[in-house]
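Here is the structure we will look at.
Nothing in this text is a laboratory measurement; each read-out follows from the coordinates by a stated rule. Being a predicted model, the structure only gives us computed values, none of them experimental. All Cβ positions, even for glycine, are placed from backbone atoms using ideal geometry, and neighbour counts span all protein chains on display.
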Amino acid sequence: MVSWILLLKELTSDVGKNFEFTIEVCNPIFFVFPYLFVYPWVYFLLQWCDERFDFQATFLQCLAKHVPNIYSAEMDPLVEKQEEMVQAAILYPLECYLFGEDPDVFLEKLQQSGTSQLCGKVFKGGETTYSCRDCAVDPTCVLCIDCFQNSIHKNHRYKMHSSTGGGFCDCGDTEAWKAGPLCSKHEPGASKIMEHSRRVFPSVIKYIVDMLIWEEEKELPVELTIREKVDSYYCVLFNDEHHSYDHVIYSLQRALGCELGEAQLHTTAIDKEGRRAVKAGHYASCQEAKEEIKRHSENVSQRPLHVEVLHADVMAHQKFALRLGSWLNKLMSYSSDFRQIFCQICLKEEAGSEKPCFISKLMLWDARLHKGARKVLHELIFSSFFMEMEYKKLFAVEFVKYYKALQKEYISDDHDRVLSVTALSVQMFTVPTLARHLIEERNIITIITETLLEVLPEYLDKNDKFNFQGYSQDKLNRVYSVIFDLRYILVSKPTVWTDHLRERFLEGFVSFLRILTCMQGMEEIKRQIGQHIEVDPDWEAAIAIQMQLKNILLMFQEWCASDEELLLRSYRECHKAVMRCSTNGRSREKTVFHLCGHTLESRPYRVSADPVSIHLPLSRTLAGLHVRLSKTGAISRLHEFVSPVELLVEYPLRCLVLVAQVAAEMWRRNGLSLISQVFYYQDVKCREEMYDKDIIMLQIGASLMDPNQFLLLILQRYELADAFKKIKPTKDQQYNVLIEEMLQILIYVVGERYVPGISNVTKEDVIMREIIHLLCIEPMAHSAITKSLPENESNETGLENVIDKVATFKKPGVSGHGVYELKDECLKEFNMFFYHYTKTQHSKVSSVRFSLKALPPPPPPDFSPAFSNVVRILNCDVMMHILRTLLQRAVELETHLWTEAMVQMVGHVHGCKYIKMLGLFFSLNALFYFSLCKGMGSSALNAVNVLMLVEKLKRVPQLEAQKDTVNWILQVHKGERTTKHKKKKSLFSYCKTQSTQDKEKAERKRKAEAARLHRQKIMAQMSALQRNFIETHKLLTSSAIDYSRIALGPKRGPSVIEKEVLTCILCQEEQEVKLESAAMVLSACVQKSTALTQNRSRILELSGDPLFMHPDLPCGTHTGSCGHVMHAACWQKYFEAIQLNFRQRLHVEQIFDLENGEYLCPLCKSLCNTVIPIVPLQAQKINSTLLFSLQDLKLLFLTMFIFITEIVSCWFCRAKYSSSIKEMLILFATTIYRVGLKVAPNEADSRIPMMTWSTCAFTIQCIVLLPNYKGEDTPSLLEVDMFHVLVGTVLSFPSLYWEDAVDLQPSSVSSAYNHLYLFHLTTLAHIMQIVISSFLKNNGLIPLVSSMYKCPHKSCFSQDIPGWLVWDCVKKGIMPYLRCAALFFHYLLGVSPPEENDQKLSRSLWLFSPLFALIFFILIILLFHLPRYPRKRNHLIELPEDYSCLLNQASQFRCPRSSDDEQKHPVLCLFCGAMLCSQNTCCQELVNGEELGACTSHALQCGAGVCMFLKIRECKVVLIEGKTRGCLYPAPYLDEYGETDPGLTRGNPLHLCQERYRKLHLLWQQHCIIEEIARSQETNQIFFGFNWQLL
């Protein structure tokens, strides 16, 4: 700027002089604008200059000089310094020139003028999005969390999902919402037009486009070259999706010889930005590095890494072009005028040139851009074109113009779809008005369908049918994006049809039919005979495409049905396509089939011998259109162009026959591929457009064909012609299965009418029927019902609209989930032969609903007029022959020719005949006579009456289960001879009678159970009252002390010694526990624990002196056991066997660490790492006479006597342990030492006993859940936990009697006194802690201590405190300590434990002896203040009730170690509430030379390696232990149906369940986290597990 300032001084000295000047390259005129505010008169001078200089040339020359200098160090860039230089040298002056004033002032004015009506927030990967189920036009309409929280949709039914990235917030888009399109934050605003934007934007945009699509590696454009070229190059490595992290790191280390850390740094940057310079130097050295990287990368992958050698200046300008793109992106948010000018320039095409516009160039180059450039480009499109509806439309036109090229580039690319410009299609195609425009003006449907055909040419066989054998899964996944676009464009049906729109849609529909033609009959299969198929063919691709097309087929049918003329024309075109496929390459010869006087001529075909395909989308589309035609009067015009119906029915019938033959195991040699196809054919994901449509096509055939001809065709295709002729069929069981399958299909054709168009039902009726039959199987959770129902194009099932009508919700308990139970009144709708039941479901419902099987079929709705002729097949000659033949075989007991299922189906068919609602409107008597007594030609079988056969079925013993059905048929027939009223009544009499009997039985059973529970409750109340009266009376009338329960002192009660015989869980042998016997052990787990700590900020000391435990209990050693007993020898053999087994399983992830002694309990599979030896309790009896005499002796004599007694006791009562017990004791103690201090085992270490006593104390405290208080780090009385001191002193005190030469042991008398006095000593110290620490509430600790030292002879407290309050507070503070002590001495001495009562606890521990009471009284007098002991129980952190609050908290989380705005994976520690950045390299820490993730390293500090986290964006709890183990656990958040939602897949609102959260709390407090992890890993063993170390 110095030169310009000097120039300005010259100009000011002689303003009136005519002058000319030359603009310096390094100081363009717009850089003077910052000085405009110092020298206002310069404005006119600059305006004059502005009109005379070439901005673009000056701008490029300035960039040519500054950009290479700013971005000169790409190997080790200083990002903050580079940004400062860019702002000072380029962007700030450019903004001043663009705005015409100071940028800050300009932006402040814009903010005052209002905000944009559209939000336009671009979502990052993992960011939470919200969709309103009530107001959104389609599921792609979403809101960001800020707009959602400030919108009316917060109180509606909504869904939450994690974004995959690339979309943007639809707040403000009126076409995306039925109501509430704007949140409270976005209101329409205005801004002023920038004068210089039309001059600046073209130059900036051209520079960005030119540099992003620049292909020269060594040269720059001429206008950017102003200095002599230097030999400075970079070897640049680009990201791809074929190589893993480890592959890239390996290649870099080998090729460049760099360290692991440097290679990891490069790899992380490449994955994040898309490319990175890995080597700088001369061209030759960079080229050599390039070849080395390619060579090494080919060794570990099929293709080499993408590496280029770029000149340093090229690299610098490309990087600055992206920075300019980000700058433009920020400008777009300032003003609508900026966006409009930007869009105009990007869409402007050069006059007389065929070159695409700027934005089209970038779109066409998108697949060749690296990841960072793509992100900038896409964000720029979001912030500009998509924020202005007019230009969004123009952009969509450009997008469609190059649609085919863009999709082909994407399919050839290897990056994810979210990084492709093709992912923007959803933002345009789902806008209703824009979709209409693209269909009407750009024929988008035809373009999409043609693109789909053009990208799959290699999968077409010689017959122009798709064949996906040897397909590429990656390519097909990319082809699905084209199918998605077709779905997006069809989301919203038009309400008004124009002629032009109708023609364009029909043209697109015909083009779509060409795709279906390629799929019709694709991948035909032929039955394998003889040898089993060697390799299963690829079948997944064809089924996957069927799944993708399912909703699209339904949407096309709905579009066609919205206009009658369009529906007829679409039907005609589809019919032509079906007929072309049906007549190509087929034989014209026909065969003749005779039965019952009827003849069928058909083409020869056998499913078991000829090729057959399960893929018939054309025929099924025609069936869907036919059903929709039946709703209108246009169905009458079908005879004009519908050919013989046999050809339409043929192919769907073949599919159903194939399914039947697979069920009959006739295709076993074809492998699992066919079984899988049949499964998906009938599965809920495909059945709506496969299996269901085939049934509908058969119903169409039954309605249009002669019924006898129809049944003859079915018999012929099922290959059952011989089975129903005079000749007896063979004993092949396959015939029986085929007959059963055929009868089922006939039942479905006649009875399945719950399809809108086939009968007068609604979609709600269909869903209700589906739910009823699902709940007849068993009560089901909401999610299970949802998965069992088909979804529409909006991913909705309609479940919520009808579920309350048919079911009641049962809330969940602490575990499990809520379930829906079917209402009793809905059982009448149950149909045993519901066509969506699988074999498994049918078998299960048969056993569960056994009493309902005998009921007649429920009355179905009437057929619509177009399908009313279907019921004729029930009364035709062939049907009578089929039923008569099956009944006669059953009566004649030809067991190999019939099955019970056949008879049951025949009975079901008879039941259907008697239902008036079949659609036949003549009387039931006439129907029965017509159906049962009508002759069947001249066959001799006509003489046999069907009714007689039914009567004989009652005497068949094999049909005992069908007797109710037979009786009902006969009862109905008998009732036909009465009046019309009685005929009606008899129809349902059996059903009502059966139902009444069942209700009476259920009522009697319910009353009996209620009476039993009432009696049980009364007896329990009486027992409780008796116990309460006894205890109350005892306390009121007797003050005697029960000496048998005293644990300490001279009056200690006797030890209760019982013979203990235990059974080993391994060898099942019993053994009595004795000192001299072989050891028996308990499986146990020793672990570090912070469950009792109250100061998580304290740094854990993993090793040190364990003599004193800090009162904070920052980390203790806990020992837990499942309680299962083994012989020590059996356990050792078991452990050795486990070691040998896991050494042989090299590729399976080990659930436990064998090196550290871990194993699973043989019985309960709990994780263990040691064993506890069971040591028998030794009886210790105290002579009462000796005790009374001791009380009268002098102190010296007393001491001498005790000493003598000890010596005598040692000689006569010495305990000897067996070698086995000693070995197990040492093993247990060393395990505690190793785990507690994290050191190597060392049996000679003096800290082993203290660690053992410490874990005893800590475990007892965990059982009692003793609260703890806060303290400082000074070694004083307040910083020692007294219970740990008590346990340590009591267990270590006998060592004072030991000598080197003599093994002395204290006597029973001395032990009793020792225990008593040690307990009194620690208790007094604990009372002192209570008294002192209580003063912290009011006065603080420092004034108390200082006052005690300064005036010990005076009272330290001025307030008057009542004595009863002092006593009450001391009792409350000391009770947890007494409970722990009582538990400890009970297991140490074997004395019976006292009851949970403060008085009895004190007496049991001989606490308030006269001496102790005197000392305590003196202590209270000295201190005389209100005591308080502020110990609190540890709990998991408090969680918000609404899960969206956690999502909001996670959206605001920014990684403290990362400066980018990429969305992280935030996790919440449930122990301390810390928010961490999980699964990211930015937060990995180096701990003892190992790279640990944020969660793993945090767990070491917060939970001693064991911790519990909540993954917020996935709604999952993660349990981890150490560095190598962890598991997922259900989150405590449930939806309104009582279910968790891992991954937020369902998206329902979630709320905190306190019972589930309490269960998590107990899991932690009871030290069961490690056990839960082990159980989870044992259940879910995988070969390659998750790397928990980097979590």
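Work out the FRET efficiency for Arg227 and Lys401 from their Cβ-Cβ distance, taking R0 = 35 Å, and round it to the nearest 0.05.
Working: r = 41 Å, r/R0 = 1.17.
Step by step, r from the Cβ atoms, then E = 0.30.
Gain on full extension, evaluated as 0.36 nm per residue between Asp76 and Ser1023 minus their Cα-Cα distance, stands at 332.8 nm. What is the Rg over Rh value, at two decimals, for segment 1487-1591, using alpha-carbon atoms and the Kirkwood definition of Rh? My calculation of the ratio gives 0.99.
Full extension of the segment from Lys1559 to Lys1133, taken as 0.36 nm per residue of separation minus the current Cα-Cα distance, would add 149.7 nm. Value of Rg to Rh for segment 177-316, rounded to two decimals, is 1.18; Kirkwood radius and Rg both from alpha-carbon coordinates.
Between Glu540 and Ala721, the simple label model (points 7 Å from Cα in the Cβ direction) yields a spacing of 4.2 nm. Each label point was placed 7 Å from the Cα along the Cα-to-Cβ direction; for Glu1491 and Glu84 their separation is 3.1 nm. Extending 7 Å from Cα along the Cβ direction at His1435 and again at Thr583 yields two label points whose distance is 8.0 nm. Which part of segment 825-846 falls in the paramagnetic zone of Asp804, meaning amide N under 19 Å from the point 7 Å along Cα-to-beta-carbon? Taking a point 7 Å out along Cα→Cβ of Asp804, the residues of segment 825-846 whose backbone N falls under 19 Å are 825-826. Separation of the alpha carbons by more than 19 angstrom is noted, of Lys272/Lys294; Lys159/Lys805; Lys154/Lys178; Lys272/Lys375; Lys121/Lys475, for Lys272/Lys294; Lys159/Lys805; Lys121/Lys475. When the inverse distances between all different Cα atoms of segment 473-629 are averaged and flipped, the Kirkwood radius reads 18.2 angstrom.
Gain in length, Thr433 to Lys1238, computed as 0.36 nm per residue apart minus the alpha-carbon separation, to one decimal in nm? Intermediate values should be presented prior to the final figure.
Working: separation 805, 0.36 × 805 = 289.80 nm, distance 6.83 nm.
Here the segment from Thr433 to Lys1238 would lengthen by 283.0 nm.
Can you tell me how segment 199-240 classifies by the Cα gyration tensor, rounded, prolate or oblate, using a/c under 1.5 as the rounded cut?
On the way: a/c = 3.07, a/b = 1.28, b/c = 2.40.
Verdict is oblate for segment 199-240.
Segment 629-784: percent of C-alpha pairs farther apart than 23 Å?
On the way: 5850 of 12090 pairs.
Beyond 23 Å sits 48 percent of the P(r) for segment 629-784.
Sorted into 10 angstrom bins from 0, the C-alpha pair distances of segment 1490-1541 split as 25, 46, 21, 8, 0 percent. Calculated FRET efficiency, Glu1060 to Met1328, Cβ-Cβ distance, R0 = 60 Å: about 0.90 to the nearest 0.05.
Between Thr498 and Arg157, what FRET efficiency comes out of the Förster formula 1/(1 + (r/R0)^6) with R0 = 35 Å and r the beta carbon distance, rounded to 0.05? Each step should come with its number before you reach the end.
Numbers: r = 35 Å, r/R0 = 1.00.
Once the sixth-power term is evaluated, E becomes 0.50.
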